[in-house]
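Asks: Let me give you the structure first, and then I'll get to my questions.
The values are calculated or read from the model by the stated rules, or taken from the named source; none is laboratory data. As the structure is a prediction and not an experimental result, all values here were calculated from the model. For the accessible areas, the whole protein counts, side chains as well, though only heavy atoms, and no ligand, DNA or RNA atoms are used. Shrake-Rupley method; radii C 1.70, N 1.55, O 1.52, S 1.80 Å.
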Amino acid sequence: MDNSASIKTGESYFEYGFQEKNILWVFQKNGNPVIAYNMETDNWESYMLPIEIENCIHVVLKNNIFYILSLEGKVYSWNIKDNNMKLIADCSSTINKRSSFGRIAVTDELIYLLPALSDTIYRINIQTNEIDIYKDYPDGFHYIEPEGWGKYRGYSEDNENYYFDMS
(Lines give C-alpha, C1' and ligand atoms only; values in the text may rest on other atoms or scores of the structure.)
Protein backbone atom coordinates (compact mmCIF):
# COMPACT_ATOMS: atom_id res chain seq x y z
CA MET A 1 0.00 0.00 0.00
CA ASP A 2 1.91 2.99 -1.21
CA ASN A 3 1.27 6.03 -3.31
CA SER A 4 4.52 5.71 -5.26
CA ALA A 5 3.33 3.31 -7.96
CA SER A 6 3.76 4.72 -11.41
CA ILE A 7 0.47 5.29 -13.18
CA LYS A 8 0.72 5.21 -16.93
CA THR A 9 -1.81 7.01 -18.99
CA GLY A 10 -2.90 6.02 -22.42
CA GLU A 11 -5.01 3.48 -24.17
CA SER A 12 -6.13 0.42 -22.21
CA TYR A 13 -3.60 0.73 -19.42
CA PHE A 14 -6.41 0.37 -16.90
CA GLU A 15 -8.93 -2.09 -18.24
CA TYR A 16 -11.50 -2.47 -15.51
CA GLY A 17 -12.81 -0.44 -12.62
CA PHE A 18 -15.75 -0.54 -10.26
CA GLN A 19 -17.07 1.39 -7.32
CA GLU A 20 -17.57 -0.13 -3.86
CA LYS A 21 -19.12 2.47 -1.55
CA ASN A 22 -16.81 5.51 -1.79
CA ILE A 23 -13.82 3.59 -3.21
CA LEU A 24 -13.13 3.31 -6.92
CA TRP A 25 -11.04 0.19 -7.63
CA VAL A 26 -9.06 0.21 -10.88
CA PHE A 27 -7.30 -2.85 -12.34
CA GLN A 28 -4.77 -2.96 -15.16
CA LYS A 29 -5.35 -4.93 -18.32
CA ASN A 30 -1.96 -6.59 -17.89
CA GLY A 31 0.18 -6.52 -14.79
CA ASN A 32 -0.34 -6.42 -11.08
CA PRO A 33 -0.86 -2.82 -9.87
CA VAL A 34 -4.32 -2.01 -8.49
CA ILE A 35 -5.40 1.50 -7.53
CA ALA A 36 -8.01 2.28 -4.86
CA TYR A 37 -9.21 5.88 -5.09
CA ASN A 38 -11.24 7.21 -2.17
CA MET A 39 -13.67 9.70 -3.68
CA GLU A 40 -14.64 11.04 -0.26
CA THR A 41 -11.12 11.94 0.89
CA ASP A 42 -9.57 12.44 -2.58
CA ASN A 43 -6.72 10.06 -1.65
CA TRP A 44 -5.54 6.91 -3.34
CA GLU A 45 -3.61 3.80 -2.43
CA SER A 46 -1.83 1.38 -4.68
CA TYR A 47 -1.63 -2.37 -4.22
CA MET A 48 0.42 -5.00 -6.00
CA LEU A 49 -1.30 -8.25 -6.82
CA PRO A 50 0.90 -11.22 -5.84
CA ILE A 51 0.22 -12.76 -9.28
CA GLU A 52 0.47 -10.81 -12.52
CA ILE A 53 -2.78 -10.90 -14.48
CA GLU A 54 -2.92 -11.00 -18.26
CA ASN A 55 -6.01 -9.58 -19.98
CA CYS A 56 -8.06 -8.64 -16.91
CA ILE A 57 -11.63 -8.23 -18.13
CA HIS A 58 -13.88 -8.28 -15.05
CA VAL A 59 -13.57 -8.07 -11.24
CA VAL A 60 -16.16 -8.75 -8.55
CA LEU A 61 -15.79 -8.07 -4.83
CA LYS A 62 -17.70 -10.60 -2.68
CA ASN A 63 -17.24 -11.24 1.06
CA ASN A 64 -14.02 -9.15 1.10
CA ILE A 65 -12.49 -11.29 -1.68
CA PHE A 66 -11.78 -9.94 -5.16
CA TYR A 67 -12.58 -12.40 -7.96
CA ILE A 68 -10.65 -11.51 -11.12
CA LEU A 69 -11.46 -12.86 -14.59
CA SER A 70 -9.04 -12.91 -17.51
CA LEU A 71 -10.29 -12.78 -21.08
CA GLU A 72 -9.15 -16.37 -21.63
CA GLY A 73 -11.10 -17.79 -18.69
CA LYS A 74 -8.73 -17.81 -15.75
CA VAL A 75 -10.38 -16.88 -12.45
CA TYR A 76 -8.29 -15.68 -9.52
CA SER A 77 -9.20 -14.88 -5.93
CA TRP A 78 -7.39 -12.13 -4.04
CA ASN A 79 -7.83 -11.61 -0.31
CA ILE A 80 -6.62 -8.05 0.14
CA LYS A 81 -6.34 -8.33 3.95
CA ASP A 82 -3.60 -10.96 3.88
CA ASN A 83 -2.54 -10.29 0.27
CA ASN A 84 -3.20 -13.93 -0.56
CA MET A 85 -3.97 -14.64 -4.21
CA LYS A 86 -4.52 -17.87 -6.10
CA LEU A 87 -5.71 -19.20 -9.41
CA ILE A 88 -8.96 -20.95 -8.56
CA ALA A 89 -10.05 -22.04 -12.05
CA ASP A 90 -8.60 -22.14 -15.54
CA CYS A 91 -11.15 -22.61 -18.31
CA SER A 92 -8.76 -21.40 -21.02
CA SER A 93 -8.05 -24.92 -22.27
CA THR A 94 -11.77 -25.43 -22.97
CA ILE A 95 -11.84 -22.78 -25.68
CA ASN A 96 -10.40 -22.48 -29.14
CA LYS A 97 -10.49 -18.73 -29.56
CA ARG A 98 -9.58 -15.66 -27.53
CA SER A 99 -12.18 -13.47 -25.89
CA SER A 100 -14.43 -16.37 -25.05
CA PHE A 101 -15.28 -15.06 -21.58
CA GLY A 102 -16.63 -11.69 -20.58
CA ARG A 103 -18.18 -11.57 -17.10
CA ILE A 104 -18.43 -13.42 -13.83
CA ALA A 105 -21.23 -13.55 -11.28
CA VAL A 106 -20.22 -14.59 -7.77
CA THR A 107 -22.59 -16.09 -5.21
CA ASP A 108 -21.75 -17.47 -1.77
CA GLU A 109 -21.12 -20.91 -3.29
CA LEU A 110 -20.58 -20.57 -7.04
CA ILE A 111 -18.90 -18.41 -9.64
CA TYR A 112 -20.68 -18.24 -12.99
CA LEU A 113 -18.34 -17.65 -15.90
CA LEU A 114 -20.37 -15.99 -18.67
CA PRO A 115 -19.45 -16.24 -22.35
CA ALA A 116 -18.32 -13.43 -24.60
CA LEU A 117 -17.92 -15.12 -27.98
CA SER A 118 -18.68 -18.72 -27.04
CA ASP A 119 -22.02 -20.13 -25.86
CA THR A 120 -21.01 -22.02 -22.72
CA ILE A 121 -21.61 -20.87 -19.14
CA TYR A 122 -19.26 -22.48 -16.62
CA ARG A 123 -19.85 -22.83 -12.90
CA ILE A 124 -17.01 -22.96 -10.41
CA ASN A 125 -17.55 -24.22 -6.88
CA ILE A 126 -15.79 -21.71 -4.59
CA GLN A 127 -14.99 -24.32 -1.91
CA THR A 128 -13.71 -27.15 -4.14
CA ASN A 129 -12.74 -25.24 -7.34
CA GLU A 130 -14.61 -27.89 -9.34
CA ILE A 131 -15.80 -26.71 -12.74
CA ASP A 132 -18.94 -27.82 -14.53
CA ILE A 133 -21.07 -26.56 -17.41
CA TYR A 134 -24.40 -24.86 -16.76
CA LYS A 135 -27.04 -26.76 -18.74
CA ASP A 136 -30.31 -25.34 -17.41
CA TYR A 137 -31.01 -22.88 -20.22
CA PRO A 138 -34.76 -22.44 -20.77
CA ASP A 139 -36.20 -24.36 -23.73
CA GLY A 140 -35.63 -22.44 -26.94
CA PHE A 141 -33.04 -20.08 -25.43
CA HIS A 142 -30.34 -18.90 -27.80
CA TYR A 143 -28.06 -15.93 -28.20
CA ILE A 144 -28.52 -13.44 -31.02
CA GLU A 145 -25.56 -11.10 -31.19
CA PRO A 146 -23.73 -9.35 -34.01
CA GLU A 147 -20.68 -11.27 -35.16
CA GLY A 148 -17.64 -10.47 -33.04
CA TRP A 149 -19.63 -8.77 -30.27
CA GLY A 150 -19.57 -10.07 -26.72
CA LYS A 151 -22.83 -11.44 -25.39
CA TYR A 152 -22.86 -9.45 -22.16
CA ARG A 153 -21.89 -5.77 -21.89
CA GLY A 154 -22.31 -4.19 -18.48
CA TYR A 155 -23.92 -5.33 -15.31
CA SER A 156 -25.40 -4.05 -12.09
CA GLU A 157 -26.44 -5.69 -8.86
CA ASP A 158 -28.49 -5.29 -5.74
CA ASN A 159 -28.41 -7.27 -2.49
CA GLU A 160 -30.00 -10.32 -4.09
CA ASN A 161 -29.46 -10.28 -7.88
CA TYR A 162 -27.06 -9.57 -10.69
CA TYR A 163 -28.45 -7.91 -13.83
CA PHE A 164 -26.55 -8.31 -17.12
CA ASP A 165 -27.02 -6.17 -20.20
CA MET A 166 -26.95 -8.36 -23.28
CA SER A 167 -25.65 -7.18 -26.64
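Asks: Pairs of lysines 8 or more apart, or on different chains, with alpha carbons under 16 Å: count those in the range 35-167, would you?
Replies: For the range 35-167, qualifying lysine pairs total 5.
Asks: Given the options 76, 122, 155, which has the most mean-square fluctuation in a GNM of the chain, springs set between C-alpha atoms less than 10 angstrom apart?
Replies: 155
Asks: To continue, here is another question. Leaving out ligands, DNA and RNA, what percent of the accessible area of the chain is carbon and sulfur, probe 1.4 Å?
Replies: Details: 4440 of 10040 Å².
Summing carbon and sulfur atoms, their accessible area is 44 percent of the total for the chain.
Asks: Leaving out same-chain residues fewer than 8 places away, which aspartates and glutamates sit with a Cα under 19 Å from that of residue 21?
Replies: Hits, sequence-local ones excluded: 40, 42, 45, 157, 158, 160.
Asks: Next up: With a probe of 1.4 Å, find how much accessible area the range 32-167 has per residue, and write the answer as a whole number in Å².
Replies: 58 Å²
Asks: Then there is this: What's the Kirkwood radius of the range 15-167 in Å, using all Cα pairs?
Replies: Values: mean 1/r = 0.0617 Å⁻¹.
Result for the range 15-167, one decimal place: 16.2 Å.
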